[in-house]
1. Do we find that A305 is in a loop (DSSP other than H, G, I, E, B), over 29 Å from T175 (Cα atoms) and in contact (Cβ under 8 Å) with a residue 40 or more places away in the chain in this structure?
2. Quick one: A184 ticks every box in (1) within 25 Å of P18 (Cα to Cα); (2) over 19 Å from the mean Cα position of the chain (by Cα); (3) of a type outside the set (D, E, K, R); (4) not in a helix (DSSP H, G or I) except a single one, so which number is it?
3. Can you work out which of the residues in segment 188-208 that are within 19 Å of H131 (Cβ to Cβ) and over 15 Å from the mean Cα position of the chain (by Cα) is modelled with the lowest pLDDT?
4. How many residues are acidic (D, E) and either farther than 24 Å from L36 by Cα or touching a Lys or Arg at 6+ places or on another chain (Cβ under 7 Å) (or both) if we restrict to segment 100-125?
5. Of everything in segment 125-146, what is closer than 18 Å to E115 by Cβ and either modelled with pLDDT under 95 or of a type in the set (A, V, I, L, M) (or both)? Give them in sequence order.
6. Contact list please: Cβ distance under 8 Å, first residue in segment 159-171 and assigned by TED's automatic domain parsing to the domain that holds E115 and within 11 Å of I196 (Cβ to Cβ), second residue β-branched (V, I, T) and part of a loop (DSSP other than H, G, I, E, B), pairs at least six apart or on different chains.
7. Residues to consider are L260, L226, L313; find the one that is crowded, with 20+ Cβ neighbours inside 10 Å, modelled with pLDDT of 95 or more and over 13 Å from the mean Cα position of the chain (by Cα).
Amino acid sequence: MTQHPLPSEPKTVTLISPRGFCAGVDRAIKIVEQALIRYGKPVYVRHEIVHNRRVVETLEAQGAIFVDELDVVPADRPVVFSAHGVAKTVYAEAEERALTYLDATCPLVSKVHIEAQRHAAEGRHIFLIGHAGHPEVIGTLGQIERAQITLVEDEEDARTVMPPAKQKLAYVTQTTLSVDDTAAIIDILKTRFPDIAAPHKEDICYATTNRQQAVKAVANTVDVMLVIGAENSSNSQRLVEVAQRAGCPEAQLIADAHELHWEMLDGARHIGITAGASAPESVTQEIVAALQQRYSLHLVNYEDAVENVTFNLPRELRD
């Protein structure tokens, strides 16, 4: 990197916590790493284990092979299902081919699957609040008969969706949504359908909620908010939106230090940094190091919550 003279007045950089890996992401990565130890190379992974290229490339270097579908997985090699969850048809295909498979679905996503199955068994039609095409949404839609579940993406959908006549209703949500947006959608559904059944516990995961709350608290105190994460990471995209709505003049999603917008940063006196739930802490530290090469920094830590959630590995990988 080209060296630049350090300004006499340091820039303030606030490192926001919680940030980075959540318990579900940490578990999913460990499942692939432990599978490589247990079964040797290669271990196949259906889709990105989590939405982060750095994570995927690190696991590829260790011997993981990422594929789109099961038909390319050799019968004698294990396959891992991603943290986002999969439809029941994927499990059925693996069973039919007698594949050894390990399920890295986040337990909080599995909770949503179980809720959807329970509501369907009780004869309810289900509204799934989420984003079309996201792997988690595809997996949840695939837990029950398609006619029993309707995707609701936004407030307009909530105002116009028409469920089957005379059928009891319930709703579930994608775990990585905007807390505020989802609350608005739920309010509309509850107004239209007062008897709609809600989850026993909110479906949006603790990590998504915590990261959004922390960003909200800092957003209007900084000139620029850097959100570290992938373009296809829902929870990272939501952090950008939350920062903007909370009063941050500029909020940028970046994958790593190569995507830093120096012209924008040159004019900022106070920079906030957070990271989506699938972004490694090493990337945060690389970005801080890149900023330190160009600017004199005053580093501040802001901690909004302490996370101590952990999830067990599958039985197959426990010693």
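1. Details: in a loop (DSSP other than H, G, I, E, B): yes; over 29 Å from T175 (Cα atoms): no; in contact (Cβ under 8 Å) with a residue 40 or more places away in the chain: yes.
So A305 fails the test.
2. Here A184 clears every test but (4).
3. Within segment 188-208, the match that is modelled with the lowest pLDDT is E202.
4. Of all residues in segment 100-125, those acidic (D, E) come to 103, 115, 122.
This time we only want the ones that are either farther than 24 Å from L36 by Cα or touching a Lys or Arg at 6+ places or on another chain (Cβ under 7 Å) (or both), so: 115, 122.
Qualifying residue count, segment 100-125: 2.
5. I126, L128, I129, V137, I138, L141, I144
6. Within 8 Å, the pairs are L169/I196; A170/I196; Y171/I196.
7. L226
Yes or no, residue by residue, for (1) surrounded by 16 or more Cβ atoms within 10 Å (Cβ to Cβ); (2) in contact with a Lys or Arg (Cβ under 8 Å, 6 or more places away or on another chain):
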position	(1), (2)
E136	yes, no
I149	yes, no
D154	no, no
D157	yes, no
M162	no, no
A165	no, no
A170	yes, yes
S178	yes, yes
A183	no, no
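The values are calculated or read from the model by the stated rules, or taken from the named source; none is laboratory data. The shown structure was predicted, so the numbers you read here are calculated from the model rather than taken from an experiment. In this analysis, Cβ positions are derived from the backbone assuming ideal geometry, glycine residues included, and neighbour counts consider all displayed protein chains.
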